[in-house]
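The values are calculated or read from the model by the stated rules, or taken from the named source; none is laboratory data. Nothing here was measured: the structure is a model prediction, and the numbers come from that model. Please note: Cβ atoms are built from the backbone with ideal geometry, for glycine as well, and neighbour counts cover all protein chains shown. What goes into the accessible areas is simple: the full protein's heavy atoms, side chains included, and nothing from ligands, DNA or RNA. Shrake-Rupley method; radii C 1.70, N 1.55, O 1.52, S 1.80 Å.
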Amino acid sequence: MEISSKYSPLEIEQKWYSQWLENELFKSVPDEREPYTIVIPPPNVTGILHMGHMLNNTIQDVLVRKARMNGKNACWVPGTDHASIATEAKVVNLLSEKGISKKDLTREEFLNHAMDWKDKYGGIILEQLKKLGCSCDWSRTRFTMEPDLYSSVIKVFVDLYRKGYIYKGSRMVNWDPKGKTALSDEEVVYKEVNSKLYYVKYPVVGSEEFIMVATTRPETILGDTGVCVNPNDERYKHLKGREVMVPVVNRKVPVVFDEYVDIEFGTGALKVTPAHDINDYNIGVKYGLKAIDVFNEDGTMSEEAGFYIGMDRFAVRKQIALDLNEAGLLVKEEPIVNKVGYSERTDVVIEPRISVQWFMDMKKFMEQNPEVLSSVMKDEVRFYPSKLKNTYRHWIENIKDWCISRQLWWGHRIPAWYDDDNNLVVAHTHEEALKLYKELYKRETDQLKQDDDVLDTWFSSWLWPISVFNGINQPDSEEIKYYYPTNDLVTAPEIMFFWVARMLMSGFEFRGLKPFSNVYFTGIVRDKQRRKMSKQLGNSPDPIPMMEEYGADSVRMGMLLCSPAGNDILFDISQVEQGRNFCNKIWNAYRLVSGWETSTNGTEFYKNYGPVIHNWMNGRIHKALEEINDHFDKFRLSDSLMTLYKLIWDDFCSWYLEMVKPPYGEGIPKADLEQVKHIFEDLMKLLHPFMPFITEEIYKGLNSENGFINATSWPKANTGVKALDYSEAFDLITLVRSKRNENGISPKITAEIGILTKTPEIYLPYEGIIQKLANVDKIILGELGKGFKAISGIDEIEIYFDGWELKKVDMNEIQTEINYLTGFLKSVEAKLSNEKFVANAKPELVERERQKKSDTLSKIAVLEEQLKTAG
């Protein structure tokens, strides 16, 4: 078989992935083996592959492939999330482009459009994951709104409502004016923005006096129904029982006194807008102040505002400032930086708004499910990295009720039905609702109307490890009993509360068991300037073209080498190039070995040294394997890969193959070649979870009788392999090679080596290997008196190259260069020890200075070695 001179990843990847699918290599059904289960964090059905997905799914694939090779029944369940807000927004925009408005459609018509869009575009990201090499059981692909999963969500809602955990009420919520829906606290992202603080006069009724109030949101003045001051503030004590006039609307409102107000903050006076701030709402409830909602659901001013009706809230902010100034009521504007809440999905500023919504009583729920916290704190569910446990505990101990309703059509419709008087019943179906209504209200009707709202997307996602195995609808099925609890979860820290915590809640509530044993938190993928990768910054490479250019294995390796659990990943394309170079290195090794012919002639070297060479390489593999397994156990996947990288590049390619390679034009004994191929196969098995395509190609190429590599067993560490330590021999070979390079001596010129040593036994076993790899004619245990002097370990070495006269080294010139470099090094170190420089300079400048330091130290070391060995 002719092997291509270059590794062509695209052709090889397509070939093997097709064969894996045709042979159902990733398919899992319950059997007598130990299960290993991972459920994919379901990407949004609207999504396309980005760098975060690449990292997350590469890690999952590594774990799944390793488990398969460990003999477990590995089941990786793929699927997508319906993503209520994102999908509805996308469908609304697409319909708008066709001149169709959502408000002109019935709910059923809109949902048909949404489902058509999902069927046409919703599977893109899953197809992209196949290009990455993901070994999911695609026959198990799930979607959070497919019938089984839909009915699971409805069943859970009804169950929790009947247990008293779910209630409906009027409360302050986070309102998304673009999505026109409520959001949970976890769906609000706070950003630092440049704002203004407006100082406004509120005239005291019946006097020339006024109270000055500072606000960042003057547009909400229209909804003020009080001004609050601290009862201990001497400035305002005389205003007890008085009223002030709200600017613009000229509404008389009371001055109320409460210790909530900080005397030292701002003017010490707080405008109270109960409808648009949670703290104001609480004050309003306490003192009976009216709540006036000045905003429509799209963020424009409402009829209740009385002024600026229909104008956008931010346009009103500018206009009302002008009007207040004209009226002599605006004292000043002060620039400030403050934190403002944005909708995670639509990226618009949220509005606190009083709204009737469905909530889940989380404190009550947690009282009945304390394991949600204790399982993590006791390491029954292990977090990697463990430092995130404290963040988790803080959130659980300060948990708030979960707003679970959304004002959308795309999603799981809340199973609540109402009569004309707004009496409600909660039931699984309309038929059940009619029956239940008759029992509760002692009358019959056929006019019950279902709630228009849908459930928060996370209300379906929290059931994912259970519902994908139909464990809600069929809690005693073989599937759920076999595959649940799952083993490992790979996810991002930013959805620890959205998803991880809630899956623990549903797991203990509905199965009485933790949903997984380990949670591996990936970091945020950043560029080398430490900026988060995003479309807006244009610093996030498109994964598909990148895989097409470099190959999936190269991209996987590039991602994994820089991804310690929980820490941010500083991604640079050079890491992918390193992955490609590694693929080429392995490919060239494969071509080399495949080109060797077997022979029975000239086998003296192999007879003397073959067994010790193979034994040495096996020893290196088993030593590395212990490290690799330990790293896997601790979820240090990047460390596992780095150990393997060094094992293959340094030990296997740079030393082992060079030692065992037959001389040009000669052959290698068959038994030795079989040993080489066996070792090569073991290395490919170890590398396979990380780089599945090239390892499959080489594994099959080394022996056409081999089956699929992922169906083979993971190599076992054999601590009984006692290999000789070659370090002294390698140091000596490296020394000879470096002397050739320094002096421009051809590798073809033979060398003689003299060694002054008290321990000749450390060289004698490798004499033939040293002679072969360093092109040494003689090794003499004694002084030659005519060659380069050098030190290797604790021994004095003298190297003479046949026919080569020694060049005279200018010691003064070398020392002058060392002195210059030492001075330069001090200037670089001074800059790096300057905390202000390190803290404020651009990251790339700091990195450049660190590289200068490293390079200078290396140059000094080389020159000092020349001084030491000159003579």
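Ignoring ligands, DNA and RNA, how do 752, 577 rank by accessible area with a 1.4 Å probe, largest first?
Largest accessible area first, the residues go 577, 752.
What aspartates and glutamates sit close enough to residue 859 to cross-link, taking a C-alpha to C-alpha distance under 20 Å and skipping anything fewer than 8 places away on the same chain?
731, 742, 810, 813, 817, 829, 847, 849
State which entries of 607/685; 646/716; 118/163; 778/853; 103/363; 318/836 exceed 31 angstrom in Cα-Cα distance in the structure shown.
With Cα atoms farther than 31 Å apart: 118/163; 778/853; 103/363; 318/836.
I'd like the carbon and sulfur percentage of the solvent accessible area for region 684-775, probe radius 1.4 Å, heavy atoms only, ligands and nucleic acids excluded.
Its accessible area is 51 percent carbon and sulfur atoms.
Give me the percent relative contact order of the chain, please, defined on Cα pairs under 8 angstrom at least 6 residues apart.
Contact order relative to length: 12 percent.
Step through the residues of region 168-185 one at a time and calculate ³J(HN,Hα) from phi using the Karplus curve (6.51 cos²θ - 1.76 cosθ + 1.60, θ = phi - 60°), rounding each to whole Hz and writing x for Gly and Pro.
Per-residue couplings from phi come out as 10, x, 9, 8, 6, 10, 8, 10, 9, x, 7, x, 6, 8, 6, 10, 7, 4 Hz.
Can you give me the Kirkwood hydrodynamic radius for region 594-688, using every pair of distinct Cα atoms, in Å to one decimal?
That comes to 14.2 Å for region 594-688.
Determine by what factor the alpha-carbon radius of gyration of region 495-639 differs from 2.2 N^0.38 Å, reporting the quotient.
1.55
Return one number: the angle in degrees, 0 to 90 and rounded to the nearest 10, between the long axis of the Cα atoms of helix 313-326 and the longest principal axis of the Cα atoms of the chain.
Its long axis makes an angle of about 60 degrees.
Which residue, 851, 760, 28, has the largest displacement toward the positive end of the dipole of the chain when charges sit on each Cβ (Lys, Arg +1; Asp, Glu -1)?
Positive-end residue among those listed: 851.
Taking region 187-262, which GluC sites (Glu not before Pro) meet the DSSP loop condition and have no more than 14 other C-beta atoms within 10 Å?
Within region 187-262, the qualifying GluC sites (Glu not before Pro) (loop, at most 14 other Cβ atoms within 10 Å) are 208, 209, 234, 259.
Rounded to the nearest whole Å², what accessible area per residue is found for the chain with the 1.4 Å probe?
I get 46 Å² per residue for this part.
In square nanometres, what is the average projected area of the Cα convex hull of region 1-63?
Here the figure is 7.4 nm², rounded to one decimal.
Which trypsin sites (Lys or Arg not before Pro) in region 390-493 pass both tests, a DSSP loop state and at most 11 other beta-carbon atoms within 10 Å?
Those satisfying the criteria are 442, 443.
List, in order, the whole-Hz ³J(HN,Hα) value for each residue of region 649-665 obtained from phi through the Karplus relation with A = 6.51, B = -1.76, C = 1.60 and θ = phi - 60°; use x for Gly and Pro.
Along region 649-665, the couplings run 5, 7, 5, 7, 6, 6, 10, 4, 5, 5, 5, 8, 4, x, x, 4, x Hz.
Any idea what angle helix 51-69 forms with the longest principal axis of the chain, computed on alpha-carbon atoms, 0 to 90 degrees, nearest 10?
Compared with the principal axis, the helix lies near 60 degrees.
Counting only protein heavy atoms, what percent of the accessible surface of region 540-650 is carbon or sulfur at a 1.4 Å probe?
43 percent
Quickly work out the residue 436-to-residue 278 label distance, labels modelled 7 Å from Cα along the C-beta direction, and quote it in nm with one decimal.
3.0 nm
Take the solvent-accessible surface of the protein heavy atoms, probe 1.4 Å, and return the percent of it on region 330-483 that carbon and sulfur atoms account for.
C and S fraction of accessible area: 46 percent.
Karplus couplings for region 75-88 from phi (6.51 cos²θ - 1.76 cosθ + 1.60, θ = phi - 60°), rounded to Hz, Gly and Pro as x?
Computed from phi, the couplings for region 75-88 are 10, 10, 8, x, x, 10, 9, 5, 6, 3, 5, 5, 5, 4 Hz.
Loop only per DSSP, at most 10 neighbouring Cβ atoms within 10 Å: give me the GluC sites (Glu not before Pro) in region 432-512, ordered by residue number.
Counting only loop positions with at most 10 other Cβ atoms within 10 Å, the GluC sites (Glu not before Pro) in region 432-512 are 444.
Using alpha carbon coordinates only, what is the Rg to Rh ratio of region 87-198, with Rh defined as the Kirkwood radius?
Reported Rg/Rh, Kirkwood definition of Rh: 1.05.
Work out, step by step, the length gained on full extension between residue 340 and residue 377: first 0.36 nm times the residue separation, then minus their alpha carbon distance; give nm to one decimal.
10.1 nm
What is the Cα coordinate range of region 363-450 on the first, second and third principal axes, sorted by size from largest, in whole angstrom?
57, 28, 20
By its C-alpha gyration tensor, with a ≥ b ≥ c as the square roots of the eigenvalues, how is region 496-559 shaped: rounded for a/c under 1.5, else prolate for a/b larger than b/c, else oblate?
prolate
So in the chain, what percent of DSSP beta bridges are antiparallel if you round to the nearest 5?
75 percent
Suppose R0 equals 35 Å. What FRET efficiency, 1/(1 + (r/R0)^6) with r the Cβ-Cβ distance, do residue 734 and residue 626 give to the nearest 0.05?
That gives a FRET efficiency of 0.85.
Grab the Cα-Cα distance for residue 100 and residue 252, subtract it from 0.36 nm times how many residues apart they are, and report the gain in nm with one decimal.
50.1 nm
Relative to the compact globular guide of 2.2 N^0.38 Å, what is the alpha carbon radius of gyration of the chain, as a ratio?
1.24
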